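Below you'll find the structure, written out as structure tokens, and then a few comments.
Where a number appears in this text, it was derived from the coordinates with a stated rule and is not lab data. In this text, all values refer to a predicted model and were calculated from it rather than measured experimentally. Positions of Cβ are generated from backbone atoms using ideal geometry, with glycine treated the same way; all protein chains shown enter the neighbour counts.
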Amino acid sequence: MPKFTVISPLDQPIGRRRLLDDLKNYLKDRDLQAFGFSVAFAKTGPLYRLVELIDDWRADGKEISAIFGIDHLGTSVQALKFALEKFNAVYITQQRNHSFHPKVYWFSGKTKGIVFVGSNNMTMGGMELNFEAAIELEFEFPNEKEVFDSTLSLFFDLLPDKCPVTQLLTTELLSELEASGVLLDETKRIFHSFAVVPKTKGLVDKLPVKPMSSLPAKVLFGKPLKKKELEKKAEVIKAQAEVVDISKPLIPVAGFVIQINPHANGEIFLSTRAISQNPAFFGMPFTGQTIPKKGANEAYPQREPDPLCSITVYGKKNKVLYHHSAYPLNTVLYTRNSEIRVTASPLVEHVPEYSVLVMTPSELPELDYDMQIFTPDSPDYVQWESVCDQKMPSGGKAVPRKFGWF
């Protein structure tokens, strides 16, 4: 009889056990030779976090196959493009008026087999954040190989030879699906706010939720282009192109996290490295310019109009210290220092050094961003600080600030 363990609904939100971590561990297992899964929904978040292990797996001659549902705009074109590039075989399944809903993950090796059956989609919610339930079955070979093979009918019965509504995905078919509008485009609507949301009257919010894991910066964002390369790619707006690759397309992320030290004048310095990694997240290229107070001074690129932001600052016991529902955030690129500075003067008296800013694109059409700031006194501070996995230059301070993407 196979061994089994469970991922209980509370495990993922509080970080006790997450399916993404299990997949990472099994992708490192030298005994295992094949990996497959079928899911209803898929987005790039978990795939980006697995990409280094996937590349190593494939470099060792191991196989990956996947079946994706494409109902309800739950699967993105970016996820399918990733799969086509990285996997051996990719399939899509759709039957009109019937939702494709299985979630099965399996590994097969010389001495064992692993199967996960549960509610977890290949999304960051399904892999790390949501209340999900799953069973892990571990089979020993050769004694339990027959039972393992029978269990894999959960996956193989969905392949085209047995399921006529499953198709092998090709680049041509993917283009057709994209044109038909059945796939989510993560660059256009990637956004769910995973930060703190306003409490609903009558409901409690006391679960110590762990944020999602950091995105792998080196793999996802790559190295900043050199100055000559920047000028070739972005001659139209030369001042910005000299310091940032403004032609770089938006990298689909849920949000940006950074430790901040507001200055007395309300200026907050964002990370030069973060700007080079994902300039479009900050609205670049900017179309306006500052007006120098003195005529001889240099004008700098400025975002116009000012992005409107919902800003909330949390202190002890997550008490709201400050809130503004639509703050116009002055945003300027200081090209001499290759840094973006935003100005929010009301924050100075409420936000101490090294507070963590969580910045997510807003789901409200009238706003650009939702900004939650957790002071070191906030019970959620440590959780969000842990998402900051990239160090910034110290600027002479004993402790350098950090930032990260999720």
Open item on the list: If the reach is capped at under 20 angstrom between alpha carbons, list the lysines near Lys162, excluding any in the same chain fewer than eight residues apart.
Closed with: Lys103
Open item on the list: Quick check: net charge around Glu172, other residues with Cβ under 14 Å of its Cβ, Lys/Arg +1 and Asp/Glu -1?
Closed with: -1
TODO: Report the net charge of residues surrounding Ser8, where surrounding means a beta-carbon distance below 13 angstrom and charges are Lys +1, Arg +1, Asp -1, Glu -1.
DONE: 0
Task: Computed helical MRE - 222 nm, the chain, DSSP H runs ≥ 4 contributing -39500 (n - 2.57), nearest 500 - done: -5500 deg cm²/dmol
Task: Highest-first arrangement of 30-43, 50-63, where packing means the average Cβ count within 10 Å - done: 30-43, 50-63
Task: Taking N as its residue count, the alpha carbon Rg of region 1-149 over 2.2 N^0.38 Å - done: 1.01
Open item on the list: Sorting check: for 245-257, 264-276, which peptide has the highest mean count of neighbouring beta carbons within 10 Å, and how do the rest follow?
Closed with: 245-257, 264-276
TODO: Consider just the alpha-carbon atoms of region 291-367 and return their Rg together with their Dmax, both in angstrom.
DONE: 15.0, 49
Task: Average Cα contact separation per residue, the chain, under 8 Å, 6 or more apart, as relative contact order % - done: 15 percent
Open item on the list: Order these by the 10 Å Cβ neighbour count, fewest first: Leu20, Leu168.
Closed with: Leu168, Leu20
Task: Summed residue charge, Cβ within 14 Å of Gly36's Cβ, Lys/Arg positive, Asp/Glu negative - done: +1
Open item on the list: Can you compute the radius of gyration and Dmax for the chain, using only the Cα atoms, both in Å?
Closed with: 23.4, 83
- [ ] Divide the volume of the convex hull of the Cα atoms of region 217-405 by its number of residues and quote the answer in cubic angstrom per residue.
- [x] 133 Å³
Task: Kirkwood hydrodynamic radius of region 36-119, Cα pairs, Å - done: 13.6 Å
- [ ] Pull up the DSSP beta bridges for the chain and report the antiparallel fraction as a percent, rounded to 5.
- [x] 75 percent
Open item on the list: Beyond a 27 Å Cα-Cα separation, which of these cross-linked pairs lie in this structure: Lys238/Lys397; Lys86/Lys248; Lys28/Lys188; Lys86/Lys391?
Closed with: Lys238/Lys397; Lys28/Lys188; Lys86/Lys391
- [ ] Using Cα positions and a limit of under 12 Å, work out the aspartates and glutamates in reach of Lys43, with same-chain residues fewer than 8 apart set aside.
- [x] Asp185, Glu186
Open item on the list: Can you list residues from other chains, or at least 5 along the same chain, whose modelled amide H is less than 5 Å from the amide H of Glu353?
Closed with: none
